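Visitor: This is the structure I want to talk about, given as structure tokens.
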Amino acid sequence: MIATLPRPAWLRAATTLYVAAFLIFLFLPLVTVAVFAFNNAPYPAPPWRGFTLDWFLGNETSGRVGLFRDAELLGSIWTSTIVAVWVTALSVVVGTANAFLMERAQFPGKSALSLLMLTPLVIPGVILGISILAFASRVADLCGDLFGIEADFLRPGLPLVVAGQFSYIVAISTLTISARLKRFDHTLEDAALNLGASHAAVLRTITLPYLRPALIGSAAIAFLMSFENFNTTLMLVGSDPPLTIMMYGRMREGATPVLNAVSLFLMVASALIALVLIRRGRRPESG
Amino acid sequence: MPDAAVSAATTRRLLLALLLAPALLWLLLLIILPHLDLALLSFRERVAPRQYVTSLAQYRTFFSEPLYWHVFVRTALLAALATALTLLVAFPIAWTIAKLARGRMSALLLLVCLIPFWVSETVRTLGWMILLRESGVLPALLVHLRLTAQPVELLYHDATILVGLVYTSLLFMVVPLVGSLESLDNSLIEAAYDLGAKGWSILREIVIPHAAPGITAGCIVVFMLTLGNYLTPTLLGGKNSLWFTEQIYTQFITRFNWEQGAALGFLLLALSTVMVWLGLKVSGQRFADVMRRA
């Protein structure tokens with residue numbers, strides 16, 4: 001029932017209870033992860049044995065390797081960052097080109113292309129991963145057989161991870177940027193052109209500034225999706241794993257609370273990105 | 001001035017080519033060719049080292065090996081169940097956000113619902129593992145409340161996998177549901193109420209038909225993501241998870257049997273595509289609209 005209609009008291013109470021239960025369900029895992037980052041115990045499990053910062057600062061002498069001393073974990077955060085920067089840059093640039101292509105240009109086969117651009121979003125990430133892995137290996141083999149060139153960047157490793165994540169994240173960037181370009185008021189451009197501005201100047205001083213919120217928003221989303229990607233990355237990763245893959249490996253072995261520490265670090269980082277976006281007056285986009 | 005006209009046309013064509021190039025390279029090199037290659041791979045069979053023949057052997061293996069198709073059917077059913085549960089859990093919240101809460105409260109509630117999904121799935125799964133494993137928080141709590149004598153293992157059950165999948169999918173259901181419920185005119189519900197309709201018939205005759213596009217969009221996206229999920233089932237289900245993406249990983253990465261892995265991958269892709277198509281057919285919607293909505 002809606003707010004303007006009378007609702008019996010039991011229904012009101014039930015609604016409140018349900019919302020409360022739902023919020024507990026949503027936040028319980030996150031709170032648990034955060035709390036056990038500070039538990040003074042070798043495993044992230046109850047009971048509570050007191051507060052410690054060992055899982056952030058600990059070094060060899062205390063017998064506990066904290067996040068800031070764990071070279072492997074720090075290395076994987078760095079790897080994830082590099083991959084995410086590449087994916088973000090490529091996705092925003094290609095996404096912008098795609099947005100102009102779909103909103104401004106006329107050419108045969110446009111509607112088919114626009115449909116094709118959405119397909120990466122309905123292909124499971126694992127399949128994207130294996131198909132790119134198989135194709136890249138075939139091309140690398142061909143290069144080796146025909147020209148005697150070792151195309152190492154086509155073997156599992158970071159370049160393939162970037163390609164795999166880009167292949168679907170760019171579809172999201174394209175949608176976000178196109179949506180804003182579609183609402184653009186053409187008369188602004190026409191006015192500038194009439195007043196003698198060149199096409200390049202119009203693009204630089206009018207169209208791109210107008211697109212800025214969409215560009216920043218899609219960059220933040222691309223960065224986050226790349227940083228958190230697991231499925232596609234799993235299939236394409238080589239010898240230096242990004243953070244999600246590293247965490248997955250350790251979670252299977254039963255890791256120390258250093259994973260909680262790195263998770264807390266991730267939560268704070270995503271919260272900051274979210275805050276920046278919300279302050280710009282936008283709702284966070286879904287995936 | 002024909003020269004100027006010609007050069008303007010040339011510039012335009014050049015610009016079009018420049019804009020088309022990245023899109024075509026992306027779709028051709030990362031989507032179309034890799035999938036064609038995967039298809040070719042799935043239709044060949046190794047008869048001797050570096051000797052291959054075209055055959056249906058990989059697909060025959062899938063049907064003759066009970067493990068493969070059992071896991072396939074199991075994954076599809078659990079994914080469908082997870083989708084239905086997600087809809088049930090998300091609908092009251094979406095209703096509260098769209099129809100009961102007002103103004104800032106509604107925006108705040110939606111925001112609070114979105115926050116957990118800014119955090120990586122790995123982190124959320126870690127949380128569930130700490131909560132549910134035998135030495136974890138909930139089993140300890142159950143012992144403390146004297147509900148169980150010994151800590152029980154709550155991980156590694158199908159129900160655990162479902163909880164994890166529903167949790168991970170909620171956002172993709174709540175957002176399209178809120179969108180389609182917000183556009184429902186309150187006066188329709190008031191009119192139905194004044195004419196004596198009860199809650200259930202209002203839901204069935206007015207709300208659900210109106211929200212159908214949002215429901216379909218949410219269900220399609222959730223089913224697809226659940227079917228292709230790897231992290232949640234393998235970590236929360238452990239060795240018992242028997243999730244189809246895990247079979248693909250095993251064939252591709254562990255056993256290095258790419259032909260079999262490609263066939264399994266194509267079957268998963270086919271199932272996913274058929275379900276998306278069916279969802280659209282049943283609700284009479286266009287693919288592009290659904291993707292934009294989601």
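Read-outs: derived from the displayed coordinates by stated rules, not from any lab. Owing to the predicted nature of the structure, the values given are computational and were not obtained by experimental measurement. Neighbour counts run over all protein chains shown; Cβ positions are idealised from the backbone, glycine included.
Visitor: Which is farthest toward the positive dipole end of chain A among A:Val92, A:Pro156, A:Ala136, measuring Cα position about the Cα centre, with Cβ charges +1 (Lys, Arg) and -1 (Asp, Glu)?
Guide: A:Val92
Visitor: Have a look at A:Ser76, A:Ser111, A:Leu53 and report the one farthest towards the positive end of the charge dipole of segment A:44-126, computed about the Cα centre with Cβ charges (Lys/Arg +1, Asp/Glu -1).
Guide: Toward the positive end, the furthest listed residue is A:Ser111.
Visitor: Next question, about the same structure. Estimate the FRET efficiency between B:Leu188 and A:Leu146 by the formula 1/(1 + (r/R0)^6), using the beta-carbon distance for r and 45 Å for R0, to the nearest 0.05.
Guide: Taking R0 as 45 Å, the efficiency between B:Leu188 and A:Leu146 is 0.10.
Visitor: Only helical DSSP H runs with n ≥ 4 go in: add -39500 (n - 2.57) per run for the protein assembly as shown, normalise by residue count and round the 222 nm mean residue ellipticity to 500 deg cm²/dmol.
Guide: Roughly -22500 deg cm²/dmol at 222 nm, from the helical runs in the protein assembly as shown.
Visitor: How compact is chain A by the rule of thumb for globular proteins, expressed as Cα Rg over 2.2 N^0.38 Å?
Guide: Against the compact-globule rule of thumb, the ratio is 1.28.
Visitor: A follow-up question, please. Rg and Dmax of segment A:1-146, Cα atoms, in Å?
Guide: Every Cα atom of segment A:1-146 included, Rg and Dmax give 26.1, 78 Å.
Visitor: Between A:Leu272 and B:Val143, with labels modelled 7 Å along Cα→Cβ, what's the label distance in nm to one decimal, could you check?
Guide: The answer from the label model is 4.0 nm.
Visitor: Here's something else I'd like to know. For segment B:115-270, with equal point scatterers placed on the C-alpha atoms only and solvent neglected, what are the log10 I(q)/I(0) values from the Debye formula at q = 0.21 1/Å, to two decimals?
Guide: -1.21
Visitor: Follow-up. Can you give the mean number of other chain Cβ atoms that lie within 10 Å of the Cβ atoms in peptide B:129-136?
Guide: Counting Cβ atoms of other protein chains within 10 Å of each residue's Cβ and averaging gives 5.
Visitor: Still on this structure, I have one more. What is the distance in Å between the Cα centres of segment A:39-53 and segment A:194-252?
Guide: Answer, in whole Å: 37.
Visitor: Can you pull out the chymotrypsin sites (Phe, Trp or Tyr not before Pro) in segment B:192-278 whose DSSP state is coil and whose Cβ has at most 10 other Cβ atoms within 10 Å?
Guide: B:Phe256
Visitor: Calculate the spin-label point distance for B:Arg204 paired with B:Arg13, positioning each point 7 Å from the Cα along the beta-carbon direction, and give it in nanometres.
Guide: About 6.4 nm separates the two model spin labels.
Visitor: Can you compute the FRET efficiency between A:Lys182 and B:His70 using 1/(1 + (r/R0)^6), with r the Cβ-Cβ distance and R0 = 45 Å? Round to the nearest 0.05.
Guide: With R0 = 45 Å, the Cβ-Cβ based efficiency is 0.45.
Visitor: Could you pull out every one of the lysines with an alpha carbon less than 30 Å from that of B:Lys281, ignoring same-chain neighbours closer than 8 positions?
Guide: Excluding near neighbours in sequence, the set is A:Lys110, A:Lys182, B:Lys99.
Visitor: Between A:Ser111 and B:Phe256, what's the calculated FRET efficiency when r is the beta-carbon distance and R0 is 60 Å? Round to 0.05.
Guide: Efficiency computed from Cβ-Cβ geometry: 0.90.
Visitor: Largest first, please: the extent of the C-alpha atoms of segment B:222-272 along each principal axis, to the nearest Å.
Guide: 28, 24, 13
Visitor: Let me ask something else. List the equivalent ellipsoid semi-axes of segment B:9-132 in whole Å, largest first, each obtained as the square root of 5λ for an eigenvalue λ of the Cα gyration tensor.
Guide: 42, 33, 14
Visitor: For the protein assembly as shown, how big is Rg over Rh, using alpha carbon atoms and the Kirkwood form of Rh?
Guide: So for the protein assembly as shown, dividing Rg by the Kirkwood Rh gives 0.99.
Visitor: Moving on. To the nearest µm²/s, what D does Stokes-Einstein give for segment B:7-71 at 37 °C and 0.692 mPa s, using the Kirkwood radius over alpha carbon pairs as Rh?
Guide: Rounded to a whole number, D works out at 212 µm²/s.
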